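Single-structure report; data block below.
The values are calculated or read from the model by the stated rules, or taken from the named source; none is laboratory data. Remember, it's a predicted structure, so these values are computed and weren't measured experimentally. Virtual Cβ from ideal backbone geometry, glycine too; neighbours counted across all protein chains shown.
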Amino acid sequence: QLEFIEFAEPGLRGPLILEDMQELLPYLRAMTAEKIRPLSYGSVQLTNLMHCVLTLLFREAQNKRTAKKISNASAAILDYVELHYADSLTNRDLAEKFGYHPNYIGCLVLEQTGMPLHRYLLQLRIRHGINLLTTTQMTVAQIAEAVGFHSSSYFSQYFKQCTGHTPGEYRKGHL
């Protein structure tokens with residue numbers, strides 16, 4: 001006999017794909033054993049086991065929704081940083097823009113990129129600087145400014161640290 005249950009929680013209304021939920025197995029085995037060899041108060045035991053299973057399913061569904069929200073937030077933030085890399089961006093700026101705490105922004109960026117926002121921005125700026133060096137005739141000072149460095153000497157210094165070459169050497173080697 002099948003029983004249909006409708007849940008008020010939106011996360012449990014549709015199909016829920018769960019992977020590797022080993023913690024459900026003991027409950028499912030106990031439910032199967034109770035159904036095969038019912039003992040006294042078996043229906044109460046089955047109800048209790050079902051509540052445990054539903055609780056685990058509900059929590060897993062919540063965790064998946066939270067992970068999806070975090071993933072969407074991270075993608076939006078990194079897309080914004082990619083488009084505005086030349087601007088002066090801080091965790092606080094992004095927090096105001098996206099409505100999160102600055103520390104949370106820092107955690108999201110670190111989790112997604114493996115580096116703090118400041119370092120991630122520097123890497124983006126150098127990558128775009130390399131592109132401008134190899135595709136334009138802009139001066140190093142113009143490129144430094146275009147990619148968000150306030151000083152061409154700092155751009156050159158950091159560029160050499162990242163690539164092993166000065167911007168001029170890099171341009172000569174890639175023409």
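Which of the residues that make up region 40-59 are among the hydrophobic types (A, V, I, L, M, F, W, C) and within 41 Å of the chain's Cα centre (by Cα)?
Initial filter on region 40-59 (among the hydrophobic types (A, V, I, L, M, F, W, C)): 44, 46, 49-50, 52-54, 56-58.
Listed by number, the residues that qualify are Leu46, Leu49, Met50, Cys52, Val53, Leu54, Leu56, Leu57, Phe58.
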Which of the following residues is of a type outside the set (Ser, Thr, Tyr), at negative phi and modelled with pLDDT under 90: Gln112, Gln123, Gln137? Gln112
So which of Lys64, Lys35 ends up being of a type in the set (Lys, Arg), in a helix (DSSP H, G or I), under 30 Å from Lys97 (Cα atoms) and at pLDDT 65 or above? Lys64
Give me the pairs: first residue in region 62-85 and farther than 20 Å from Gly114 by Cβ, second residue at pLDDT 90 or above and among the hydrophobic types (A, V, I, L, M, F, W, C), beta-carbon distance under 8 Å, and six or more apart or on different chains, which are they? none
